[in-house]
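No lab work stands behind these numbers, since they all come straight from the coordinates. Note that this is a predicted model, so its numbers are computed, not measured. Counting neighbours? That spans all protein chains shown, and the Cβs are built from the backbone with ideal geometry, glycine included.
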Amino acid sequence: MTIATVMARMTTAQILKTHRLLSIALVILAIAAAHVFVVALLLEAGKASNVQDRDNLWLNTAQAISWNNPDVYAAQAAFYRERALLNEQQAFNTAHLTTSLNYWQQAQAASPLWPYYQLGALDIEVMLNSPASVIQSRITRLVELAPNERGLDKNLLTLSFIAWPKLNQTQQAYMLKRLQNSRFGVLNFVYKKAKEAGNHQAICINLPWKKVRRLCN
């Protein structure tokens, strides 16, 4: 057997091995793509379904076939928040709110740099009437994570003025400055929510009169 024949056989074997490896890789990629697609479909179905006082089968299935997926955790958190509000004749269901908070915390752990998961957690902590130390800690982490994220403004300011007495002085000064630099639509919305919580005077007293005159007259 010549050296050329041996090399040809080795080359053929290497080609076959490479083809097998490529085939395996393509199968794995196809399975991964199909998994992502199925999870996305389940999430959309779960979000679109009417919230009832029972588990969301679509979201539970998405969670069962996923691992450490922040989108799934966020969808579950939103679902349990809505579930907690189903009975308008009673107070919030604290068990469902606690479950929602747990899911927001799992989403944060899976994607720690995304500030909107922190905002979701703050929303639930305000609804649960959490202690001032909890509210302050959450706001501190949120502001440190995204100090210039204007997309947070409406909900962050709303929650801050609802829980106004629980913020420390530095946080109150920060929120007042941020509110002062907000457009009137945001200011108007935040003022209404602050008034419902009995904290609207913090806006009327501390912001320039020309900014709040239409609201505080």
#### Entry: Relative packing of peptides 156-167, 136-147 - highest average C-beta neighbours within 10 Å first
156-167, 136-147
### Query
Under the Karplus relation 6.51 cos²θ - 1.76 cosθ + 1.60, θ = phi - 60°, what is the ordered set of whole-Hz ³J(HN,Hα) values for region 186-200, x standing for Gly and Pro?
5, 4, 4, 5, 5, 4, 4, 5, 5, 5, 4, 8, x, 10, 5
### Task
Grab the Cα-Cα distance for S111 and I205, subtract it from 0.36 nm times how many residues apart they are, and report the gain in nm with one decimal.
30.0 nm
### Query
Fully extended, how many nm does the chain gain between A173 and R213 (0.36 nm per residue separation, minus their Cα-Cα distance)?
12.4 nm
### Message
Which GluC sites (Glu not before Pro) in region 52-140 sit in a loop by DSSP (not H, G, I, E or B) and have at most 10 other Cβ atoms within 10 Å of their own Cβ?
### Response
E88
### Query
Plugging the Kirkwood radius over Cα pairs into Stokes-Einstein for region 46-139, at a temperature of 10 °C and a viscosity of 1.306 mPa s, what D comes out in µm²/s?
117 µm²/s
### Query
Tell me, what HN-Hα J-couplings in whole Hz come from the Karplus equation 6.51 cos²θ - 1.76 cosθ + 1.60 at θ = phi - 60° for each residue of region 106-121, using x for Gly and Pro?
5, 5, 4, 5, 6, 9, x, 9, 8, x, 5, 6, 5, 5, x, 5
### Query
For region 97-217, taking Cα atoms only, what is the radius of gyration to one decimal and the Dmax to the nearest whole Å?
14.2, 47
